[in-house]
Amino acid sequence: MRIQEQRQLHPVGDEVLALTAVIRPMLKGVLYAIKADVVREVGGYENVKLMMLPRLHRPGDGDCGICFEYAVHDAVSRNDAHVLERVEDAARICRLPGTQLRSILFGVEKSGAQQLVDTANAVLTDDSQLLQGTPGRPVKLRRYLNVLAAAFRKPQTRPALPFSIRGLWKADLFLGHSDSDRWLGTTVKINPSHLETAAGLRIGIVPTRQGRSDRVYHDEAKNLVVCPLLHDADFMQIFYEGFRVIQAFLAADAHVPPEIDLPRPADREVARILEERRDFKVLEVIDAIAKFGQPELLETSEREAEAQALMGNPQTDLVVAPISKQPDLFSR
């Protein structure tokens with residue numbers, strides 16, 4: 001039996017640090033939500049300046065959902081404790097082996113889909129296996145990436161996918177442990193009522209719902225492990241505050257909005273960080289302000305448990321989390 005241990009590397013920062021960290025992936029989400037033919041007129045995504053973002057972007061109902069996907073992906077990549085601990089619980093329920101959690105963004109409905117496919121290709125190996133939660137041998141994920149991307153826009157290509165992953169084209173992320181090279185199809189929904197089952201999807205990440213349990217659990221009807229992210233003084237509160245900063249900043253033509261729009265000083269300070277860089281390219285700004293955000297918070301390690309630790313000690317509050325090595329239907 002093995003024990004996973006997580007050690008906090010840095011203290012949780014103040015509001016400005018947390019907001020700066022969360023708006024970076026949101027800016028990227030807003031950028032790549034712009035239609036490719038529109039940004040082509042200004043030289044492509046890599047050449048869009050921050051001052052041009054409010055002029056090229058058309059606000060829509062899907063903006064919050066896209067920003068949520070990018071923010072969750074970035075939070076896992078940064079080892080953000082608020083998200084990582086919840087997602088690790090979901091991965092444990094799915095019996096995902098390994099310790100080094102990693103996220104691959106794969107929302108193919110957004111512009112720049114080929115870039116996402118190329119990124120996934122660079123991370124995955126020929127031996128990367130998808131644990132799809134059904135009987136049978138796990139599929140090799142990398143060989144199906146292009147088919148999955150095509151399946152979103154061309155329904156006629158979906159029968160080319162194995163039945164066990166027929167709905168994997170709906171995935172927003174692939175969550176996996178890089179040390180074991182095993183992955184899980186993941187859907188991310190800002191509206192929990194939009195969470196739906198699909199062959200190949202294993203985890204559903206949603207905000208907590210008022211009056212509902214916030215525990216990570218297996219929804220047998222959907223065959224999904226539902227992972228609610230907490231709100232009060234946690235990730236979802238910071239996310240919504242950051243999204244409001246982005247909305248107000250774009251509405252103010254990439255300037256600091258009036259105080260009535262952003263009454264909190266921390267929000268205006270983040271908007272000021274962006275305004276100072278409005279003449280620079282969006283992707284350059286995202287990279288530049290990374291140093292002003294929250295650094296990695298957690299370091300995960302794994303060790304073999306000793307016999308006396310497994311027996312338990314009433315004088316300590318050690319919690320032992322077993323990781324099964326035995327395959328079963330739910331681990332496939």
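For this structure, a couple of remarks:
- Flag if Asp37 is under 28 Å from Leu184 (Cα atoms) and without any contact (Cβ under 8 Å) to a residue 12 or more places away in the chain: no
- Residues that are hydrophobic (A, V, I, L, M, F, W, C) and more than 19 Å from Thr125 (Cβ to Cβ), drawn from region 137-165: Ala150, Ala151, Phe152, Ala160, Leu161, Phe163
- From Asp279, Asp287, residue being under 19 Å from Asp80 (Cα atoms) and either free of Cβ contacts under 8 Å to residues at least 24 places away in the same chain or exposed (fewer than 14 other Cβ atoms within 10 Å of the Cβ) (or both): Asp287
- Candidates in region 162-192 are the residues that are touching a Phe, Trp or Tyr at 6+ places or on another chain (Cβ under 7 Å) and of a type in the set (Gly, Ala, Ser); of these, the one that is farthest from Arg212 (Cα to Cα) is Gly176.
- From the options Thr208, Thr186, residue that is on the phi < 0 side of the Ramachandran plot and touching an Asp or Glu at 6+ places or on another chain (Cβ under 6 Å): Thr208
- Subset of region 166-204 (residues that are over 24 Å from Pro135 (Cα atoms) and assigned to a strand (DSSP E or B)): Val188
- Residue within region 140-149 that is modelled with pLDDT under 95, in a loop (DSSP other than H, G, I, E, B) and surrounded by fewer than 22 Cβ atoms within 10 Å (Cβ to Cβ) present: no
- Exactly one residue out of Ile246, Ile205, Ile165 is β-branched (Val, Ile, Thr) and within 24 Å of Glu85 (Cα to Cα), and it is Ile205.
- For region 206-221, the count of residues that are under 15 Å from the mean Cα position of the chain (by Cα) and crowded, with 17+ Cβ neighbours inside 10 Å is nonzero.
To keep it simple, each residue is scored yes or no on (1) in contact with a Cys (Cβ under 6 Å, 6 or more places away or on another chain); (2) modelled with pLDDT of 90 or more; (3) crowded, with 22+ Cβ neighbours inside 10 Å.
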{"site": "Asn47", "(1), (2), (3)": "no, yes, no"}
{"site": "Glu88", "(1), (2), (3)": "no, yes, yes"}
{"site": "Ala91", "(1), (2), (3)": "no, yes, yes"}
{"site": "Pro97", "(1), (2), (3)": "no, yes, no"}
{"site": "Gln114", "(1), (2), (3)": "no, no, no"}
{"site": "Val117", "(1), (2), (3)": "no, no, no"}
{"site": "Val123", "(1), (2), (3)": "no, yes, no"}
{"site": "Gly136", "(1), (2), (3)": "no, no, no"}
{"site": "Ala151", "(1), (2), (3)": "no, no, yes"}
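The values are calculated or read from the model by the stated rules, or taken from the named source; none is laboratory data. Predicted model only: the values in this text are computed from it and were never measured. Every residue, glycine as well, gets a Cβ built from its backbone with ideal geometry; the counts of neighbours run over all protein chains shown.
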